[in-house]
1. Restrict the check to segment 36-52 and report whether at least one residue is assigned to a loop (DSSP other than H, G, I, E, B) and over 23 Å from Asp106 (Cβ atoms).
2. Would you mind telling me which numbered condition in (1) in contact with a Ser or Thr (Cβ under 8 Å, 6 or more places away or on another chain); (2) within 29 Å of Gly149 (Cα to Cα); (3) away from ligand 1 (no atom under 11 Å from the Cβ) Ser33 fails?
3. Ala40 versus (1) open to solvent by 20 Å² or more (accessible area, probe 1.4 Å); (2) more than 16 Å from ligand 1 (Cβ to nearest atom): which is the lone unmet condition?
4. Taking the condition of being within 27 Å of Leu141 (Cβ to Cβ) and either away from ligand 2 (no atom under 16 Å from the Cβ) or hydrophobic (A, V, I, L, M, F, W, C) (or both), how many residues in segment 47-73 meet it?
5. Does Arg5 count as among the charged types (D, E, K, R), crowded, with 17+ Cβ neighbours inside 10 Å and more than 10 Å from ligand 1 (Cβ to nearest atom)?
6. Answer yes or no: is there a residue in segment 74-82 that is assigned to a helix (DSSP H, G or I) and more than 16 Å from ligand 2 (Cβ to nearest atom).
7. Restricting segment 74-118 to residues that are within 16 Å of ligand 1 (Cβ to nearest atom) and open to solvent by 80 Å² or more (accessible area, probe 1.4 Å), which is farthest from Trp42 (Cα to Cα)?
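The values are calculated or read from the model by the stated rules, or taken from the named source; none is laboratory data. What you see is a predicted model; the values in this text were computed from it and never measured. Ideal geometry is used to build each Cβ from the backbone, glycine not excepted, and the neighbour counts take in all protein chains shown. When the accessible area is computed, the model is the full protein with side chains, heavy atoms only, and any ligands, DNA or RNA have been set aside. Shrake-Rupley method; radii C 1.70, N 1.55, O 1.52, S 1.80 Å.
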Amino acid sequence: MIDGRMQEALNKHANAEFYSSYLYLSMSAYFQSLNLTGFAHWMRVQAREELAHAMKFYDHVIERGGKVALPPVEAPPSQWESPLAAFEDAYRHEQKVTGLINQLVDEAVQTRDHATNAFLQWFVSEQVEEEASVDAIVQKLKLVGDAPGGLLMIDHELAERASG
Ligand SMILES: [Fe+2]
Ligand SMILES: [Fe+2]
């Protein structure tokens, strides 16, 4: 049986992953509105990945005999100043999520919940990847600046992302 405080923290984090999914879906719609279909595709795949992350937490709580809680998911922004601003937001968001995952690991260690600690290790590695992939796109967007040709080149590249 899972510790009550740990259960609450895991449910809270599932909500943060649902929010991530919502945020990236909103970014996908924003890119679609700019006719940047490659960017929109990349964000749509990302939104689906975040939904899968949320479901991992959901499943873990159930597997441990806990009780799932599904509070409302906050509404994400719907507009950004530029593609770069959106990706910078995504990068900041991933850094925040990394911090939350690290806090969960601390809590798992403190409550001696080794199963949850093992479960969380996948997310520790995943966050390294997530931050790196978003930052790589931020850096490319900075490189091309306002050149439309460069933006379209990145759009083509992001269109290639596997649907997962
Ligand atoms: Fe995630
Ligand atoms: Fe993420």
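1. First, the residues of segment 36-52 that are assigned to a loop (DSSP other than H, G, I, E, B): 36.
With the extra rule that they be over 23 Å from Asp106 (Cβ atoms), the set shrinks to 36.
Looking for residues that are assigned to a loop (DSSP other than H, G, I, E, B) and over 23 Å from Asp106 (Cβ atoms), one finds at least one in segment 36-52, hence yes.
2. All conditions pass for Ser33, except number (1).
3. Ala40 satisfies all of (1) open to solvent by 20 Å² or more (accessible area, probe 1.4 Å); (2) more than 16 Å from ligand 1 (Cβ to nearest atom) except (1).
4. Kept after step one, since they are within 27 Å of Leu141 (Cβ to Cβ), are these residues of segment 47-73: 47-53.
When the remaining residues are screened for being either away from ligand 2 (no atom under 16 Å from the Cβ) or hydrophobic (A, V, I, L, M, F, W, C) (or both), the result is 47, 51-52.
Here the count works out to 3.
5. Details: among the charged types (D, E, K, R): yes; crowded, with 17+ Cβ neighbours inside 10 Å: no; more than 10 Å from ligand 1 (Cβ to nearest atom): yes.
In short, no.
6. So in segment 74-82, the residues assigned to a helix (DSSP H, G or I) come out as none.
No - not one qualifying residue is present in segment 74-82.
7. If we take residues in segment 74-118 being within 16 Å of ligand 1 (Cβ to nearest atom) and open to solvent by 80 Å² or more (accessible area, probe 1.4 Å), then Gln103 is farthest from Trp42 (Cα to Cα).
Conditions tested, residue by residue: (1) in a helix (DSSP H, G or I); (2) over 20 Å from the mean Cα position of the chain (by Cα); (3) of a type outside the set (Asp, Glu).
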{"position": "Val109", "(1), (2), (3)": "yes, yes, yes"}
{"position": "Gln121", "(1), (2), (3)": "yes, no, yes"}
{"position": "Ser125", "(1), (2), (3)": "yes, no, yes"}
{"position": "Val128", "(1), (2), (3)": "yes, no, yes"}
{"position": "Ile137", "(1), (2), (3)": "yes, no, yes"}
{"position": "Asp146", "(1), (2), (3)": "no, yes, no"}
{"position": "Leu151", "(1), (2), (3)": "yes, yes, yes"}
